[in-house]
Ligand SMILES: [Zn+2]
């Protein structure tokens, strides 16, 4: 996500904060300060940071569960409306999606129970008395809210994913997504309406987020359904250039400039595919200004190859897993006959639906901030 500032990396996951979140914090700090001075401002902003730490742990819950199924999470972004863990791909089985979706709220259940163990019954009962509840009590209550709110069946929130997973055990994936998305959009309308009342404005943003997210995911599920069974040959580029592994970087630049092609299959001495030269790698190598570097030295190795008959969705998954924007397509004899690029995939998706930029995300919404 653009406009996000990397903060730290934990277990291979980059945690980032969106600029709007920092702006919101600054604005809240300023308004608290003008209301009650620096001590009040520090305490309240500190509380919001603790709240978002709980949201972050929630997202790590999703990421750890996904990791158990071999799915990596490249980054988690904190937004004013909550956290967003970007999973590398979707869990294949409904049972896996169910576990990944539940893992986030489960973290907040654990936090709430741990805080309950600390503050005990007395702390909870104090909430209603004249004395203001302690910060830990408030944090515990807010974690309970996080669980309840995220489990509302508002796809693509966690509860909506649970619903989709349960539906997908009976129906096909696209149909299950469509039903979950429709229910999610219904929830978005209700949130949006409640958000019109003073003090609930944050709900309007959440409603928008859910509405757009639900539409996008429904479109992706439809794309998957449409492209299932479609072969790679229906989307691949047939008119392309390849480069020999011993070509110089300057020859590669010539090829890059002479066409609209960004990535080039690289052929070894025997004419077989040995890798793919990516435009970014080529540009990075040019910076070294070393005449002896050859295309074979900087190309992307370990690139999976597909055949023209490989099902499209399978090729797309291989492309994501290999993190390579271009796959060589071979014929039955092992000869290079085409290239499948992410642009081809995008075009195919656009034919069927608006192109969603984020394929899979687990948002966690905190309840609206206390006024
Ligand atoms: Zn979640």
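One table, with the values for the structure above:
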{"read-out": "Filter pass, residue 194 being modelled with pLDDT of 85 or more, over 23 Å from the mean Cα position of the chain (by Cα) and part of a helix (DSSP H, G or I)", "value": "yes"}
{"read-out": "Some residue of the stretch 224-238 being part of a helix (DSSP H, G or I), over 30 Å from residue 318 (Cβ atoms) and either at pLDDT 85 or above or touching a strand residue (DSSP E or B) at 6+ places or on another chain (Cβ under 9 Å) (or both)", "value": "no"}
{"read-out": "All strands (runs of 3 or more DSSP E) inside the stretch 273-371 with 1 or more residues being modelled with pLDDT of 75 or more", "value": "273-277, 326-330, 336-341"}
{"read-out": "Subset tally (residues that are farther than 16 Å from residue 222 by Cα and part of a helix (DSSP H, G or I)) for the stretch 166-189", "value": "8"}
{"read-out": "Residues located in the stretch 60-72, provided they are surrounded by 24 or more Cβ atoms within 10 Å (Cβ to Cβ) and more than 11 Å from the ligand (Cβ to nearest atom)", "value": "66"}
{"read-out": "Counted residues, the stretch 49-84 - those being assigned to a helix (DSSP H, G or I), at pLDDT below 90 and in contact with a strand residue (DSSP E or B) (Cβ under 9 Å, 6 or more places away or on another chain)", "value": "1"}
{"read-out": "Residue that is farthest from the ligand (Cβ to nearest atom) [pool: residues in the stretch 138-158 that are over 20 Å from residue 48 (Cβ atoms) and more than 17 Å from the chain's Cα centre (by Cα)]", "value": "153"}
{"read-out": "Close pairs (8 angstrom Cβ cut-off, 6 or more residues apart or separate chains): farther than 22 Å from residue 89 by Cα in the stretch 319-342, part of a helix (DSSP H, G or I) and at pLDDT below 85 anywhere", "value": "329/232; 329/233; 338/232; 338/233"}
{"read-out": "Failed criterion for residue 199 (all others in (1) on the phi > 0 side of the Ramachandran plot; (2) buried (at least 23 other Cβ atoms within 10 Å of the Cβ) hold)", "value": "(2)"}
{"read-out": "Qualifying positions in the stretch 145-158 - in a helix (DSSP H, G or I) and either more than 22 Å from residue 105 (Cα to Cα) or touching a residue at least 24 places away in the same chain (Cβ under 8 Å) (or both)", "value": "145, 146, 147, 149, 150, 158"}
{"read-out": "Tally, over the stretch 36-54, of residues that are within 16 Å of the ligand (Cβ to nearest atom) and touching a helix residue (DSSP H, G or I) at 6+ places or on another chain (Cβ under 7 Å)", "value": "2"}
{"read-out": "Selected residue (criterion: surrounded by the fewest Cβ atoms within 10 Å (Cβ to Cβ)) from residues of the stretch 89-105 that are more than 16 Å from the ligand (Cβ to nearest atom) and touching a residue at least 24 places away in the same chain (Cβ under 8 Å)", "value": "95"}
{"read-out": "Evaluation of residue 19 against (1) closer than 21 Å to residue 208 by Cα; (2) within 16 Å of the ligand (Cβ to nearest atom); (3) at pLDDT 85 or above (one fails), failing number", "value": "(2)"}
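The values are calculated or read from the model by the stated rules, or taken from the named source; none is laboratory data. What you are looking at is a predicted structure, and each value in this text was computed from that prediction instead of being measured. We place every Cβ from the backbone using ideal geometry, glycine too, and count neighbours over all the protein chains shown.
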